[in-house]
Amino acid sequence: MVLVMVFGVALLVAVLLSGLAARSVLSTSLLFLAGGALVSDGFLGLVHVTPESDLVRLTADLALFAVLFTDGTHVSFPELRRRWRNPARALALGMPLAFLGIAVLAHFLAGLDWTTSFLVGAVLSPTDPVFASAIVGREEVPGRLRQLLNIESGVNDGLALPFVLVLIAAAGPTAHAEDASFGTIATELVLGLAFGVLLPLAVSLLTRFRLLGAEPRLQPLLPLAIGVSLYALCHLTHANPYLAAFSAGAVLAAVSPEAGSAFGPLGDSLAELAKFAALLVFGALLTPELFGDLSLGGYVVAVLTIVLIRPTSLILSLVGTEFDRREKFTAGWFGPKGFASVVYGLLVLQAGIPQGAEAFTLIAVTIAFSIVAHSSTDVPIARMFDVEELVGIPDDGVGPRRPVGPGAAKEHPGTGAGAATDGGADDAGRG
C-alpha cells in the first residue's frame, strides 16, 4: 500500500505540474523515478523491491506493451509506404552500429568478456518508444523526423530480443537455455506477428455483422479489449508480445480507423499510467548500493552510450538522406533506453550467467542516465524547431519551412502535396 500511496501522490503532483513541465525542462517522468528511489531501501526504506521481484518485471512488461500498442494505432501505412527507407536505414544500419559500439566499450572499459559485452550491446541498442514519445508527440518537430523515431523505436525491441536470448545462452549455462534455440525464437516472433495481425482483423470482421458493433460510448473499449486479450494470449503461448502489440495497433488503425481514433485519448492515458507505474518501481531499484557496484569504466560506458554511440551510429545511417543537419542530430540524440532494456536486463540477471549481475548493473545505470537526459531535453529540442520555423530560417537546402499557427495553409500556397505529406507523417507520431 505504501507504493500505491506514493504513486497516487506522485501522480497528483505530476498532473498539477504538467503545464509547467510542458514549457520547461521539468520532467514528470523524473518525479516518478525520484519518488521510487526516495521510498526504496537506499533512502527511506518504506518499500523493498529487488530486481528479482515479479513486480519489476510485470510493470516494465505492461508499460512496454501498452506504449507499443498505442503507438501502433498512430502509424499511417500510406505514409509509411512513401517513407519506409529512413526507418529501414536506422534499423538495418544504425542499430547494428550501436550494438557493436556498445559491446566494444563494455569489453574494454567495463571489463566484461566478449559474449557478455555483446549481450549488453543487444540490450541497450534498441531505443524505447516510452521516452521517444516525448519528442514524437510534439507537433513542433517535423513529421518525417517524428515518423522515423516512432517506427524505429516501435520495431527495434522485437528485433533485439532474438539476439538477447541467443547471447544469454552463449554466455554460460542457464536454466532457460532451451528457450534460446533458433527454432524457439523464430516461433515466438512468427506467433507474435501472426497474433498481432490476425486478432484485430478478426474483430474488425465481426463488427461488420449487422447485429454486432459498439455503441459510441463504448467504442474506445474495443481496442482495449483487443490489447488485453492479445497480451494474455502472447504470454500463454510464449509469443513475442512486443512485436504483437505494435503490429496489432498498426493493423487496427488501418482496418478500423474510427476505432483507432476513438481509442486515442484513452490509449494515451493508459500508456502514461503504465509508464509512470513502471518508472516508480524502477526508481525503487536505484539505490546507492546499485550505483556503488558499478566501476568507473562502467560509468564511462553508460555516458558514452548516450552521448556518443547512439548519435554517431544513427547520424551515419542517415548520411545521404533528405534530413538536414538539425534533424540528424536530433534523431541521433533522441535514442533513449527504457523499459525494453529493463525487461531484457532482467532476463540477463535472472538467467544466472557468470557476469550477469555486473551486466545488469551497467544496464540499469545507463537506463537511469538516459531517462534523466532524454526526458528533460524534449522541450528544448522541440522549441528549437518551433523557434526556427517562426523566424523563417530555411531548412538547409530543402527550402523554407511551412509556417506554423492559424492560417498557415493560406500563407504558403502551392504546397498541397507537401502539406499532405507532412500531415500524414504527423499521424505516425503519438498525439
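For segment 47-112, the square roots of the Cα gyration tensor eigenvalues, ordered a ≥ b ≥ c, give a/c of at least 1.5 with a/b no greater than b/c, which places it in the oblate category.
One compactness figure for segment 263-317 is 1.66, namely its Cα radius of gyration divided by 2.2 N^0.38 Å.
Once both labels are positioned 7 Å from their Cα atoms along Cα-to-Cβ, the gap between residue 329 and residue 258 label points is 4.7 nm. Rounded to the nearest 0.05, the FRET efficiency derived from the C-beta distance between residue 201 and residue 82 at R0 = 22 Å is 0.40. Helices in the chain, meaning DSSP H runs of at least 4 residues, each add -39500 (n - 2.57). Divided by all residues, the mean residue ellipticity at 222 nm is -22500 deg cm²/dmol.
Take every pair of alpha-carbon atoms less than 8 Å apart whose residues are at least six positions apart; their mean separation over the length of the chain yields a relative contact order of 31 percent. Could you let me know the centre-to-centre spacing of segment 39-87 and segment 99-168, using Cα atoms, in angstrom? Each part's Cα centre sits 13 Å from the other's.
Apolar share of the accessible surface for the chain: 70 percent from carbon plus sulfur atoms, 1.4 Å probe. Translational diffusion of segment 17-149, estimated by Stokes-Einstein from the Kirkwood radius over alpha carbon pairs at 25 °C in a medium of 0.890 mPa s, is 136 µm² per second. Among 349, 218, the sequence by solvent-accessible area, most first, with a 1.4 Å probe is 218, 349.
Excluding ligands, DNA and RNA, the accessible surface per residue across the chain is 43 Å² with a 1.4 Å probe. The charge dipole of the chain, taken about the Cα centre with unit charges on the Cβ atoms of Lys, Arg (+1) and Asp, Glu (-1), comes to about 820 debye, rounded to the nearest 20. Charge tally for residue 84 (other residues, Cβ to Cβ under 14 Å; Lys, Arg +1; Asp, Glu -1): +3. Highest mean first, the peptides 193-200, 4-11 sorted by other C-beta atoms within 10 Å per residue fall in the order 193-200, 4-11.
The values are calculated or read from the model by the stated rules, or taken from the named source; none is laboratory data. Computed from a predicted structure; not experimentally measured. Note that we place each Cβ from the backbone using ideal geometry, even for glycine, and neighbour counts take in every protein chain shown. Protein only, heavy atoms only, side chains kept; ligands, DNA and RNA dropped before computing areas. Shrake-Rupley method; radii C 1.70, N 1.55, O 1.52, S 1.80 Å.
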